[in-house]
1. With label points built 7 Å along Cα→Cβ from the Cα atoms of R76 and L259, find their separation and express it in nm.
2. If you take every DSSP beta bridge whose two residues both sit in segment 160-278, what share of them, in percent to the nearest 5, is antiparallel?
3. So between A139 and N100, what do we pick up on full extension, going 0.36 nm a residue minus the alpha carbon distance?
4. Please pull out the direction-averaged projected area of the chain, using the convex hull of its alpha-carbon atoms, in nm² to one decimal place.
5. Antiparallel as a % of all DSSP beta bridges within the chain, to the nearest 5?
6. In nm, to one decimal, how far is the modelled label at R165 from the one at D207, with both set 7 Å along Cα→Cβ?
7. Calculate the all-directions average of the projected area of segment 160-278's alpha-carbon convex hull, and give it in nm².
8. Taking a 31 Å limit on the Cα-Cα distance, which of the listed pairs K181/K239; K21/K173; K21/K44; K181/K227 fall beyond it?
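Coordinate-derived values only; no laboratory data. Source: prediction; values computed, not measured. So basically every Cβ, Gly included, is an ideal-geometry build from the backbone, and we count neighbours across all protein chains shown.
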Amino acid sequence: MPIPDYQSLMLPLLELLEDGKEHRLRDVVSVLEQQFGLTEEERKALLPSGQQPIFHNRVGWARTYLKNAGLLEAPRRGWMRITRRGLEVLKQKPESIDVNFLMQFEEFRAFRSSRNRASSEFDERDIEGATPEELLASAYDMHKRSILSELLELVRKASPEFFERLVVELLVKMGYGGSYKEAAQAVGRSGDEGVDGVIKEDRLGLDVIYLQAKRWEGPIGRPELQKFAGALQGLRARKGVFITTSSFTRDAIDYADRLEIKIVLIDGQRLAELMFEYGVGVSPVSTYGVKKVDHDFFLEE
């Protein structure tokens, strides 16, 4: 039989997790390979990039979709566990689970219609009318949003010490803080109330930037911004960056916009985007060069 697509794997994958225990992704892949009766050749068949088996990749996408619908969760890297919602879905004894089925959940609809997508995402029924370039752009955008979601989830579960190291590495990758050693010594050592660190704005240290980093679950409100702004004014500082794993309230954002000093707000979503852009916590798997025919090359005089 042909290798099943990722939608065909959603229900079998969720059923494997029905016991409520944590399961390793590679163990789940192995069980599903047997369940679908894949041949050795089908198990070893690779993606065009040659980096990953096709079946393993499709199980991974089934997991991603179910996770974004709130039917399973990732308690730690490479592991998964069914959620209460997932158990409730199985009690309904659905004949199958696919994208249309998952659209009933608000979290999944938000995942599918992310405001930050760079290109439109096609419904499966629209694939026939889309150009190859549009399909590539849509697939890349969907993949990126999945990575951003996983990055933010991992950052929120990380320890405060790890979060501090992450902030240092990101800022250095972005060109701030001088060397990693210099930035690491500057962040988390300030001791000033409302300030977590001081880094160089450039490698020469012509100016400095004060930092506040909070690994919070709830939104950051105006009072926290006022404390930070007060600390900056007490230090006669002109620039600050407030980083959080959660979000900022509208009142906090409006307050920061009205200040004479410059405070840049980086919420969890923006943090994940910057990590993706500057290669922090992610690594390239494959690169596809999109080319077109150079008709000028074939012009004959």
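1. Using points 7 Å along Cα→Cβ, the separation is 3.8 nm.
2. Within segment 160-278, antiparallel bridges account for around 30 percent of the total.
3. Roughly 12.3 nm would be gained on extension.
4. Working: hull surface 91.6 nm².
Average of the hull's projected areas for the chain equals 22.9 nm².
5. 50
6. In this crude spin-label approximation the distance works out to 3.2 nm.
7. Working: hull surface 27.4 nm².
That works out to 6.9 nm², a quarter of the Cα hull's surface.
8. Too far apart for the 31 Å limit: K21/K173.
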